[in-house]
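J.: Starting off with a structure, shown below.
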Amino acid sequence: MEKNKMITLEQVKNHPDVMVYLKKANEFLGVIGYTEHGERHANYVAENARKILQALGYDAHTCELAAIAGYIHDIGNVVSRHTHPVAGACLAGQFLKEMGMPVEDRVMIMSAIGNHDEGACDVVSPVAAALIMADKSDVHRSRVRSAKEILFDIHDRVNYAVTKSELRMDAKKRTVTLKLDIDRNISDMVEYFEIFTARMVACRRSAKLLGCTFEVDVNGL
């Protein structure tokens, strides 16, 4: 295969290994009770990682790298949930090299994937920052696998309570805002921040690297 060429998100999506990684990672996480991490989540993160950098004036090449990182950031779950950022970075590096992606681009994607988990993330680049904010903003009832679990699992309950979530970028004000509509009959802001505070801190640190502030708007507040 031709080496050192620009690889696009669409090419990555159509890579046979990526299709299997995404499908199996989502299946394995379902077995241990995690929310949806399949193609819907991958597409959401890819799209919003790209949009964040586009809105802030980054070049098309960097935006494409952010989209690719966003799409494949969770493939490491086929190895282990606990080590999925590092495992995902290694898997990505392997097949992206086989596809002919230049090493400079590969390491940008690998470092973003390896640092995307809020438990131990370092915001090392604009690509990593965009990935982190896009990933942590995906809170929505469509991620809940079974509504029967919302009474017993706080993560399912909070996700199910979110009827609408949207990332908004304001280049002039240099803000990235996560806008949420939450059904307070199901959950409330206290539960949201009880489980997602670490994610919001990671988003704030990511926004800072991009020269922005990160804001959360819940039900208009």
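J.: Report yes if residue 50 is at pLDDT below 95, open to solvent by 50 Å² or more (accessible area, probe 1.4 Å), in a helix (DSSP H, G or I) and within 22 Å of residue 136 (Cβ to Cβ), otherwise no.
T.: Criteria not met by residue 50.
J.: Just checking, which of 20, 12 is of a type in the set (Val, Ile, Thr), open to solvent by 40 Å² or more (accessible area, probe 1.4 Å) and either touching an Asp or Glu at 6+ places or on another chain (Cβ under 7 Å) or outside any loop (DSSP other than H, G, I, E, B) (or both)?
T.: Only one candidate passes the filter, namely 20.
J.: Could you tell me which of the residues 181, 170 is open to solvent by less than 70 Å² (accessible area, probe 1.4 Å), among the acidic types (Asp, Glu), within 23 Å of residue 47 (Cα to Cα) and in contact with a Ser or Thr (Cβ under 6 Å, 6 or more places away or on another chain)?
T.: 181 is the lone residue from the list that is open to solvent by less than 70 Å² (accessible area, probe 1.4 Å), among the acidic types (Asp, Glu), within 23 Å of residue 47 (Cα to Cα) and in contact with a Ser or Thr (Cβ under 6 Å, 6 or more places away or on another chain).
J.: Which condition does residue 142 not pass, out of (1) under 16 Å from residue 167 (Cβ atoms); (2) at pLDDT 95 or above; (3) among the hydroxyl-bearing types (Ser, Thr, Tyr), if it passes all the others?
T.: For residue 142, the failing item is (2).
J.: Outside any loop (DSSP other than H, G, I, E, B), within 26 Å of residue 158 (Cβ to Cβ) and acidic (Asp, Glu): is that true of residue 98 in this structure?
T.: Judged against the criteria, residue 98 is not a match.
J.: Can you find even one residue in segment 28-38 that is open to solvent by 50 Å² or more (accessible area, probe 1.4 Å), closer than 26 Å to residue 145 by Cβ and not aromatic (Phe, Trp, Tyr)?
T.: Checked segment 28-38: at least one residue is open to solvent by 50 Å² or more (accessible area, probe 1.4 Å), closer than 26 Å to residue 145 by Cβ and not aromatic (Phe, Trp, Tyr).
J.: Moving on to the next point. With under 28 Å from residue 19 (Cα atoms) and surrounded by fewer than 20 Cβ atoms within 10 Å (Cβ to Cβ) as the only criterion, which of 111, 137 stands out?
T.: 111
J.: Let me ask something else. State all residues of segment 177-218 that are of a type in the set (Ser, Thr, Tyr) and in contact with a Lys or Arg (Cβ under 6 Å, 6 or more places away or on another chain); if no residue qualifies, say none.
T.: The answer is 177, 187.
J.: Sticking with this one: Specify the residue that is surrounded by the fewest Cβ atoms within 10 Å (Cβ to Cβ); the eligible residues are those in segment 67-106 that are touching a Gly at 6+ places or on another chain (Cβ under 8 Å), farther than 17 Å from residue 38 by Cβ and not small (Gly, Ala, Ser).
T.: 83
J.: Hey, another quick one. Restricting attention to segment 200-216, which residues are within 18 Å of the chain's Cα centre (by Cα) and open to solvent by less than 50 Å² (accessible area, probe 1.4 Å)?
T.: Selection gives 200, 202, 203, 206, 207, 210, 214, 216.
J.: Determine which single condition residue 5 fails, assuming it passes every other condition in (1) open to solvent by 30 Å² or more (accessible area, probe 1.4 Å); (2) of a type in the set (D, E, K, R); (3) closer than 27 Å to residue 142 by Cα; (4) touching a residue at least 60 places away in the same chain (Cβ under 8 Å).
T.: Answer for residue 5: the failing condition is (3).
J.: Tally time: how many residues in segment 142-156 are among the basic types (Lys, Arg) and surrounded by fewer than 20 Cβ atoms within 10 Å (Cβ to Cβ)?
T.: Here the count works out to 2.
The values are calculated or read from the model by the stated rules, or taken from the named source; none is laboratory data. Bear in mind that the values here come from a model prediction, so they are computed numbers and not experimental data. Please note: Cβ atoms are built from the backbone with ideal geometry, for glycine as well, and neighbour counts cover all protein chains shown. Please note that ligands, DNA and RNA were not included when accessible areas were found on the heavy atoms of the full protein model with its side chains. Shrake-Rupley method; radii C 1.70, N 1.55, O 1.52, S 1.80 Å.
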